[in-house]
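Step one of this worksheet: look at the structure below.
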Amino acid sequence: MKLKEKVAIVTGGSGGIGEAICERLAQEGAKVVVNYRSHPDEAKETKEKVEKAGGEGYIVKADLSKVDEINNLVEESINQFGKVDILVNNAGLEKRADFWDITEDDYDLVLNVNLKAVFFATQVVVKHLKQTNRQGRIINISSVHEELPFPHFTSYCASKGGVKMIMRNLAVELGPLGITINNVAPGAIATPINQDLLDNPEQLKKVTQNIPLGRLGEPEDVSGIVAFLASDEAKYITGSTFYVDGGLLWNYSEQ
Ligand code: BGC
């Protein structure tokens, strides 16, 4: 078990990729704080999976678009488990719209959850690690769209591009503290964020044809590398993005 005695916070742990990450970290022996905003029953299911995997779980509700709720999430986690070692900034959302129709409310929501929350959750965890003089791990669940354009999702791309630069900047700034930070960048994964796509066979076929490995990913395709990056084996890895996309990002063909 790679993560025995470690405490991890996973934001957005009630479903999709976050749920799989909670379970995977628990399999490695971690104590896992499952954060959710609006799906309490699903958060409970994740906690049960964590416990079944042999770990300890704890649920904290927090709306990550609010910095005081982020601070409370970290404080409650420390109260429960005594410390935090690993932060997985997983929570994220997207809003589809033509550029000229994007509303300020939708822009704010996407940027607040996907970018501002990564910034401030990382900040409060880093303060805790500094105060307790310990090293730690920050892992951001980014997207292929930290690099690749995604027409009609400009706010989402802006947020993920921002997460890329937060990660690179902090790799430099936090390195001397022994804190590593990396991005895991999924492509098209079969999760609720892609429900519209999953419900549209024609569109799904088009997307799948564009993926060299010929299928959408599963949450479990993403969670393994998160457990690795959180472990001691990854102690010399910081400042990198790891794509988990079936080859989607670099796919180009003229046939
Ligand atoms: C988005 C999905 C999209 C995938 C591949 C993800 O970041 O959330 O909606 O299908 O990237 O384009």
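The values are calculated or read from the model by the stated rules, or taken from the named source; none is laboratory data. Since we're looking at a predicted model, the values are computed, not measured. Every residue, glycine as well, gets a Cβ built from its backbone with ideal geometry; the counts of neighbours run over all protein chains shown. Areas reflect the complete protein model, heavy atoms only, side chains present, ligands, DNA and RNA absent. Shrake-Rupley method; radii C 1.70, N 1.55, O 1.52, S 1.80 Å.
Among the criteria (1) within 11 Å of the ligand (Cβ to nearest atom); (2) modelled with pLDDT of 95 or more, the one ASP101 does not fulfil is (1). Is it the case, given these coordinates, that GLU76 is out of contact with any helix residue (DSSP H, G or I) (no Cβ under 9 Å at 6 or more places or on another chain) and either in a helix (DSSP H, G or I) or without any contact (Cβ under 8 Å) to a residue 12 or more places away in the chain (or both)? Here the answer is yes, as GLU76 does meet what is asked. Checking the condition open to solvent by less than 20 Å² (accessible area, probe 1.4 Å) and in a loop (DSSP other than H, G, I, E, B), which residue from VAL113, VAL125, VAL88, VAL84 passes? Only one candidate passes the filter, namely VAL84. Out of all the residues in the range 50-69, which are closer than 18 Å to CYS22 by Cβ, in contact with a helix residue (DSSP H, G or I) (Cβ under 6 Å, 6 or more places away or on another chain) and not in a strand (DSSP E or B)? Scanning the range 50-69 gives VAL50, ALA53, GLY55, ALA62, LEU64.
Against the list (1) crowded, with 22+ Cβ neighbours inside 10 Å; (2) within 16 Å of the chain's Cα centre (by Cα); (3) not polar (S, T, N, Q), the condition VAL144 fails is (1). Those helices (runs of 4 or more DSSP H) of the range 154-255 in which 1 or more residues are in contact with a helix residue (DSSP H, G or I) (Cβ under 9 Å, 6 or more places away or on another chain) and closer than 25 Å to ILE102 by Cα occupy 154-174, 195-198, 201-209.
Among the residues of the range 185-220, those identified as polar (S, T, N, Q), open to solvent by less than 80 Å² (accessible area, probe 1.4 Å) and closer than 18 Å to GLY12 by Cα are THR191, ASN194. Within the bounds of the range 36-44, is there any residue that is outside any loop (DSSP other than H, G, I, E, B), among the polar types (S, T, N, Q) and modelled with pLDDT of 95 or more? No, the range 36-44 contains no residue that is outside any loop (DSSP other than H, G, I, E, B), among the polar types (S, T, N, Q) and modelled with pLDDT of 95 or more.
So, in the range 221-255, of the ones that are acidic (Asp, Glu) and buried (at least 18 other Cβ atoms within 10 Å of the Cβ), which residue ends up farthest from the ligand (Cβ to nearest atom)?
This residue is ASP221.
Can you tell me which residue is farthest from the ligand (Cβ to nearest atom) among those in the range 136-153 that are without any contact (Cβ under 8 Å) to a residue 60 or more places away in the chain and either closer than 24 Å to ALA8 by Cα or assigned to a strand (DSSP E or B) (or both)? Looking at residues that are without any contact (Cβ under 8 Å) to a residue 60 or more places away in the chain and either closer than 24 Å to ALA8 by Cα or assigned to a strand (DSSP E or B) (or both), I get GLY136.
Looking at GLU56, GLU48, GLU28, which is the one that is touching a residue at least 40 places away in the same chain (Cβ under 8 Å), surrounded by fewer than 24 Cβ atoms within 10 Å (Cβ to Cβ), farther than 18 Å from VAL113 by Cβ and among the charged types (D, E, K, R)?
None of the others qualify; the one that does is GLU28.
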